[in-house]
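The values are calculated or read from the model by the stated rules, or taken from the named source; none is laboratory data. Because the structure is a prediction, the values reported are computed rather than measured. Note that we place each Cβ from the backbone using ideal geometry, even for glycine, and neighbour counts take in every protein chain shown. We work out accessible area using only protein heavy atoms, side chains counted, and drop any ligands, DNA or RNA first. Shrake-Rupley method; radii C 1.70, N 1.55, O 1.52, S 1.80 Å.
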Amino acid sequence: MKFFLDTANLAEIQEAVELGVLDGVTTNPSLMAKEGIKGLDAVMSHYRQICEIVDGDVSAEVIATEFDEIIREGEALAELHPNIVVKVPMIKAGVKAIKYFSEKGIKTNCTLIFSAGQALLAAKAGATYVSPFVGRLDDIGQDGLQLVQQIVDIFSNYGYPTQVLAASVRHVPHLLQCAELGADVVTCPLSVINGLLNHPLTDKGLATFLADHKKVNS
Ligand code: G3P
């Protein structure tokens with residue numbers, strides 16, 4: 001399973017790269033705003049910096065909602081770096097744009113997926129990734145992980161090459177359940193990846209080993 005970081009924070013991306021487990025990055029306009037990045041030049045330069053830090057796919061989201069504009073924005077983003085994946089919202093113009101980009105060999109991530117039908121449409125249009133939002137479905141009392149399961153099963157039934165990128169992954173159990181379900185990728189905050197490190201028995205065991213080592217070596 002690939003680990004993507006869901007952030008536009010360069011220090012966090014650097015930290016995950018240094019841990020040696022990062023396969024890519026996803027961003028969205030809210031995450032870019034959180035970093036205080038304003039204006040087209042700053043946005044484009046920030047994407048370039050992310051691509052220089054991580055050796056893997058970097059999703060950069062279009063703002064446009066009309067077909068022609070999505071194409072114009074997406075092509076400009078794709079020109080920034082070979083690892084850029086154009087993130088396109090699940091709307092009619094977005095599906096058409098995914099088809100267009102797929103025929104041009106431009107990678108896409110269809111975002112804001114909340115149903116299996118939406119994922120199926122995006123896969124048929126040739127999306128590289130679909131992003132079901134696990135946490136946001138949980139937030140409204142639906143089962144985000146069940147959606148991941150449904151999409152994994154459907155893509156497997158027909159051998160779609162589209163990868164299931166579980167997004168809006170909020171905590172360690174989410175990540176592990178996505179792994180059990182066979183999601184190709186999870187994208188999550190750095191705290192979730194760091195959370196995989198922790199177990200109280202590891203801390204306790206290490207403290208004992210170090211104390212015993214000290215006893216015999218002092
Ligand atoms: O990038 C899309 C998704 O991962 C957002 O997550 O936590 O804002 O629902 P969240």
>> Quick one: 3J(HN,Hα) in Hz for the stretch 28-33, Karplus 6.51/-1.76/1.60 with θ = phi - 60°, rounded, Gly and Pro as x.
In response: 8, x, 5, 5, 5, 4
>> Give me the Å³ per residue figure for the convex hull around the C-alpha atoms of the chain.
In response: 144 Å³
> Okay, helix-only estimate at 222 nm for the chain: each DSSP H run of n ≥ 4 adds -39500 (n - 2.57), divide by all residues, round to 500 deg cm²/dmol; what do you get?
Replying inline: -17000 deg cm²/dmol
> Using modelled amide H (1.01 Å from N, peptide plane; none on Pro or chain starts), what sits under 5 Å from the amide H of Tyr160, excluding residues fewer than 5 places away?
Replying inline: none
> Of all DSSP beta bridges located in the chain, what percent are antiparallel, nearest 5?
Replying inline: 0 percent
> Short version: ³J(HN,Hα) in whole Hz for each residue of the stretch 7-14, in order, from phi by Karplus 6.51 cos²θ - 1.76 cosθ + 1.60 (θ = phi - 60°), x for Gly and Pro, what are they?
Replying inline: 6, 10, 7, 5, 5, 5, 5, 4
>> For the chain, take the longest principal axis of its alpha carbons; what is the angle in degrees between that and the long axis of helix 92-104, to the nearest 10 within 0 to 90?
In response: 80 degrees
> What residues have an amide H closer than 5 Å to that of Val58, excluding those fewer than 5 places away on the same chain, when H is modeled at 1.01 Å from N in the peptide plane?
Replying inline: Val25, Ile84, Val85
> Angle, helix 200-216 long axis vs. longest principal axis of the chain, Cα atoms, 0 to 90°, nearest 10?
Replying inline: 40 degrees
> Under a GNM of the chain (C-alpha, springs under 10 Å), which listed residue has the highest mean-square fluctuation: Gly182, Gly159, Gly94?
Replying inline: Gly159
> How large is the dipole of the stretch 2-217 about the Cα centre if only Lys and Arg carry +1 and Asp and Glu carry -1, each at its Cβ, rounded to the nearest 20 debye?
Replying inline: 220 debye
> Considering the chain as a Gaussian network with a 10 Å cut-off on Cα pairs, which listed residue, Asp153, Asp23, Asp139, attains the greatest mean-square fluctuation?
Replying inline: Asp139
> What relative contact order, as a whole-number percentage, does the stretch 80-216 give when Cα pairs under 8 Å and 6 or more residues apart are counted?
Replying inline: 17 percent
> What number comes out for the charge environment of Gly144, summing +1 per Lys or Arg and -1 per Asp or Glu over other residues with Cβ under 15 Å away?
Replying inline: -3
> In cubic angstrom, how much convex hull volume per residue do the alpha carbon atoms of the stretch 109-157 span?
Replying inline: 59 Å³
> Given the protein chains as shown and a 1.4 Å probe, how many square angstrom of Val17 are accessible, to the nearest 10?
Replying inline: 50 Å²
> Which angle between 0 and 90 degrees, to the nearest 10, do you get for helix 67-80 versus the longest principal axis of the chain when only C-alpha atoms count?
Replying inline: 50 degrees
> How large is ³J(HN,Hα), in whole Hz, for each residue of the stretch 40-48 in order, when computed from phi with the Karplus curve 6.51 cos²θ - 1.76 cosθ + 1.60 and θ = phi - 60°, using x for Gly and Pro?
Replying inline: 4, 4, 5, 4, 5, 5, 5, 4, 4
> How big is the gap, in Å, between the Cα center of the stretch 112-138 and the Cα center of the stretch 38-60?
Replying inline: 24 Å
